[in-house]
Amino acid sequence: MWRSSFIFWLLTLAFVVIDYRLFHWQVLSSDSLRQQAASQYFLEFQLPPTRGSIFDQNGNSLAIHQPASLVYAQPKKIENVKSFAAKISDALGLDEKEVVSTITQPDRFWVALSHKVEQPIVEKLKELNLAGLGFEKEAKRYYPEASMAAHLLGFVGSDERGSDKGYFGLEGYYDRQLVGRAGALRIEKDAKGNPILIGDVSRVEPQHGRSLTLWLDRAVERIVERRLAEGIAKYGAKEGSVIVMDPKTGGILAMATFPNYDPATYSTFPSDMYKNPLVSATYEPGSTFKVLVMSGALEEKLVTPTTTMEETGPVEVGEYAVQTWNNEYHGEITMTKVLERSSNVGMVFVGRKLGKEKLIGFMKQFGFGESTGIDLEEETSPGLRPSQEWREIDLATASFGQGIAVTPIQMVRAVGALANNGALMEPHVVSKIIDESGKSIDIKPKKVRQVISGSTARIITEMMVAAVDNGEAKWAKPAGYRIAGKTGTAQIPVAGHYDKDKTIASFVGFAPADNPKFVMLVTLREPSTSPWGSETAAPLFFTISRDLFAYWGISPQ
Amino acid sequence: MIKSAVTFFLKSLPLFVVILVVFQVVVTNELAGMGQNVTDIETQIEAVSAQNELLRQQVASSSSLLLIEEKAKEQGFTQPTTTSYMPLDPLPLALGSQ
């Protein structure tokens, strides 16, 4: 009897134990076991998207992806650590001791050896046929024109997860468009790891990144960069920059600044070089600003080109005295002569005619104190002081472009309005966004507002042509062309006062004056051969203009 | 006659079923085993795509302005020092020379 009970309870216990194990496997651990099972009979992997490319207006590549691989090691499969490390370090240019310490880390099944290794090196590594060495596709950014337009393009680095991310310039601003979206593939596999055609398949196609077509013409960019580099060397400047813009569309045709960096090897350059100074750094525009103040006074009908004023000596402004740049005075002069001779005294006269409120109003109308909206990541805009903080001396100095801070893109956009019948355009680098199917989204030129009338624009254009033909820089001007422009020489503020030697020399202008193809701003910081814009930035502007006329086939008028 | 046709059909039905089942097993087996072919084709596609990408990169590199400038210099091309413009309308019949 007791035997029957014993066997009964033994069987009951076994039954309970088995029940518990089944419950454990089928309920408590079901998720993890299901995943383990799926990994045995399912192949799952991400389908990486291809980053979009960047082309100039003629379809030439400025930034594309190139095939590259992540090289990794599986330490458990390495047969001879020393020999493996020696061959790998030689091929990849790594330190052998570091490779040894990487692949001998305890309990590691997988270690990355080098990221984004280019295809020729990968082929060499494959030929070595090393056990424990593996490769995974990892595309790399390639810039066929090297450091051309580096600040405009930006670069591709990594985010905190190690994925590609664009920084600065277009790579940063349009990162979401360029990066695309990864796809996924889940397919049932057989015992050998081959896909089963009639098995379970789930596929989400990757969305490859969209490509960008720019307004930029790489030939114009090359002309500008070459001449700028020559100019910086010739005039002994510390830095230099040029923007060329189509005044009718706001399209940026070229944008160059030196010193620059190579986006392919950005990490070898100091990080303070990454920001594009043309959209993020400020400077005092100096006499180039006079054309804008003058156009405001013309628009308000406060002056005409033939309105005269008496330039007999320095003009008193409160406790200060404002003098001309060369301390020469010419008696009765017209407004046109004020621009030709770049007379600060004449501009104080104009500024007083306009008055503080109207001057500040025109500054705002021309876009100062606000971002231009250009499609580059790092644009900033210095604010304008509220009008109640302006003193009489501020009005006087602002009328000849000192005591105010602007960015180069703000300046070229404002003068672009003079070239465009008074219409202020939003500057843009990208003209089209193209998706992987080839469908193109045009970014239409955008008129921000009408700042001055067309007739005022024509009047100020003639005054600027006269300033070029009769001004200090007339010796450098290409013969036979009508170029509207203005020189600028601004002192650099240092620790609350102006440095007496250091200047920012600049020239802003557009040509041909009657139907402008381009508006351009040239700035040189601290030129050492001469501080004056008429002797440095102006000749450089005209040199670039000569090349542009030839490139575009613009004959003398 | 109809009765005999129906009888024949009913008697042959199991045979048809067996034939179809065998056919399905054979086809399924074939398809299941074609995974290797799929892998081979996908490997080929990847190799060709990688080659395509490499060639696209080489085209971009070869057509870069910097390279063209270098090659032009090597072949003796120089920057033009002067530019002449000729009106096309009216087209000149003779040009003076200096």
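The values are calculated or read from the model by the stated rules, or taken from the named source; none is laboratory data. Note that the structure is a prediction, hence the values are computed from the model and not measured. When we count neighbours, we look across all protein chains shown, and the Cβ atoms used for this are built from the backbone with ideal geometry, even at glycine. The area values use the complete protein model at the heavy-atom level, side chains included, leaving out ligands, DNA and RNA. Shrake-Rupley method; radii C 1.70, N 1.55, O 1.52, S 1.80 Å.
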Here the qualifying pairs (Cβ atoms under 8 Å; residues six or more apart or on different chains; first in the range A:542-557 and within 11 Å of chain B (Cβ to nearest Cβ) and among the β-branched types (Val, Ile, Thr); second open to solvent by 50 Å² or more (accessible area, probe 1.4 Å) and part of a loop (DSSP other than H, G, I, E, B)) come out as A:Ile554/A:Lys517
Going by the structure shown, is A:Asp499 open to solvent by less than 60 Å² (accessible area, probe 1.4 Å), free of Cβ contacts under 8 Å to residues at least 60 places away in the same chain and over 25 Å from the mean Cα position of the chain (by Cα)?
yes
Answer yes or no: is there a residue in the range B:20-43 that is facing chain A (nearest Cβ under 9 Å), under 30 Å from A:Ala219 (Cα atoms) and part of a loop (DSSP other than H, G, I, E, B). no
Flagged pairs (Cβ under 6 angstrom, 6 or more apart or on separate chains; first in the range B:40-66, surrounded by fewer than 16 Cβ atoms within 10 Å (Cβ to Cβ); second part of a helix (DSSP H, G or I) and not hydrophobic (A, V, I, L, M, F, W, C)) are B:Leu54/A:Gln119
In the range A:415-470, anything among the small types (Gly, Ala, Ser), crowded, with 16+ Cβ neighbours inside 10 Å and more than 24 Å from the chain's Cα centre (by Cα) is listed as A:Ala419, A:Gly422, A:Ala423, A:Ala457, A:Ala466, A:Ala467
Note on the range A:101-140: residues among the charged types (D, E, K, R) and touching a helix residue (DSSP H, G or I) at 6+ places or on another chain (Cβ under 6 Å) are A:Arg108, A:Lys124
Of those in the range A:530-557 that are in contact with a helix residue (DSSP H, G or I) (Cβ under 9 Å, 6 or more places away or on another chain) and not in a helix (DSSP H, G or I), the residue modelled with the highest pLDDT is A:Thr536
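Restricting to the range A:76-94, and then to whatever is part of a helix (DSSP H, G or I) and in contact with a strand residue (DSSP E or B) (Cβ under 8 Å, 6 or more places away or on another chain), can you tell me which residue is surrounded by the fewest Cβ atoms within 10 Å (Cβ to Cβ)?
Only one residue tops the list, namely A:Leu92.
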Note: among A:Thr336, A:Thr288, A:Thr372, just one is outside any helix (DSSP H, G or I), open to solvent by less than 60 Å² (accessible area, probe 1.4 Å) and in contact with a helix residue (DSSP H, G or I) (Cβ under 7 Å, 6 or more places away or on another chain), namely A:Thr372
Counting only residues that are surrounded by 11 or more Cβ atoms within 10 Å (Cβ to Cβ) and outside any loop (DSSP other than H, G, I, E, B), the range B:72-81 contains a total of 2
The residue that is least open to solvent (accessible area, probe 1.4 Å), considering only those in the range A:378-408 that are under 18 Å from A:Val348 (Cβ atoms) and among the charged types (D, E, K, R), is A:Asp394
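Every residue, every condition in (1) away from every other protein chain (no Cβ under 14 Å); (2) in contact (Cβ under 8 Å) with a residue 12 or more places away in the chain; (3) surrounded by 14 or more Cβ atoms within 10 Å (Cβ to Cβ), yes or no:
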site: A:Glu127; (1), (2), (3): yes, no, no
site: A:Glu136; (1), (2), (3): no, yes, no
site: A:Pro144; (1), (2), (3): no, yes, yes
site: A:Ala149; (1), (2), (3): no, yes, yes
site: A:Leu152; (1), (2), (3): yes, yes, yes
site: A:Leu170; (1), (2), (3): yes, yes, yes
site: A:Ala191; (1), (2), (3): no, no, no
site: A:His208; (1), (2), (3): no, yes, yes
(Q) For the structure I just gave you, tell me whether B:Ala47 is facing chain A (nearest Cβ under 9 Å), small (Gly, Ala, Ser) and over 26 Å from A:Ser555 (Cβ atoms). (A) no
If you go through A:Ala297, A:Ala321, the only one that is of a type in the set (A, V, I, L, M, F, W, C) and part of a helix (DSSP H, G or I) is A:Ala297
Selection from the range A:471-495 of residues open to solvent by 10 Å² or more (accessible area, probe 1.4 Å), in a loop (DSSP other than H, G, I, E, B) and either among the polar types (S, T, N, Q) or closer than 21 Å to A:Trp325 by Cα (or both) yields A:Glu472
Every listed condition ((1) assigned to a helix (DSSP H, G or I); (2) open to solvent by 60 Å² or more (accessible area, probe 1.4 Å); (3) more than 14 Å from chain A (Cβ to nearest Cβ)) holds for B:Leu91 save (1)
### Query
Hey, any hits in the range A:226-245 for a residue that's outside any helix (DSSP H, G or I), within 14 Å of chain B (Cβ to nearest Cβ) and open to solvent by 30 Å² or more (accessible area, probe 1.4 Å)?
no
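For the range A:389-448, give me the residue count where each residue is aromatic (Phe, Trp, Tyr) and either within 25 Å of A:Glu462 (Cα to Cα) or part of a helix (DSSP H, G or I) (or both).
1
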